[in-house]
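Below is one structure; the comments refer to it alone.
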Amino acid sequence: MKKFPREQREYVISQIQQYFQEERGEELGHLASEQILDFFLKTIGPIVYNQAVDDCRVLVMDRVNALEDELYTLEQPLTTERGR
């Protein structure tokens, strides 16, 4: 998995520390918060990533189907009578 930019990683670590403080009343150090982040990235990261890819796949297929419908409307009708 691609690493977060440092600023984003530090932001998430601070959010983990804040969560533990507010919700559990626990003071969590930087290293412990970083280890929790790494654990969750390794554990649920692929699941979240795969779901995002699947969501994109559905979106792209919907757009392709809509485009295909629009292309059919551009077709010109064929005449069945000779000379017309």
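Quick note: the coordinates plus some simple rules give every number you see, no bench work behind them. In this text, all values refer to a predicted model and were calculated from it rather than measured experimentally. With ideal geometry, Cβ positions are generated from the backbone for all residues, glycine too; neighbour counts draw on all protein chains shown.
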- Looking only at segment 32-84, which residues are hydroxyl-bearing (Ser, Thr, Tyr) and farther than 30 Å from Ile16 by Cβ? Tyr72, Thr73, Thr79, Thr80
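Identify, from the list Leu37, Leu59, the residue that is in a helix (DSSP H, G or I), surrounded by 10 or more Cβ atoms within 10 Å (Cβ to Cβ) and free of Cβ contacts under 8 Å to residues at least 12 places away in the same chain. Lay out the reasoning, then the answer.
Values: Leu37 fails: free of Cβ contacts under 8 Å to residues at least 12 places away in the same chain.
One residue alone meets the criteria, Leu59.
Matching residues to (1) under 19 Å from Pro5 (Cα atoms); (2) surrounded by 12 or more Cβ atoms within 10 Å (Cβ to Cβ); (3) not polar (S, T, N, Q):
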position: Glu22; (1), (2), (3): no, no, yes
position: Glu26; (1), (2), (3): no, no, yes
position: Thr43; (1), (2), (3): no, no, no
position: Pro46; (1), (2), (3): yes, no, yes
position: Gln51; (1), (2), (3): no, no, no
position: Asp54; (1), (2), (3): no, no, yes
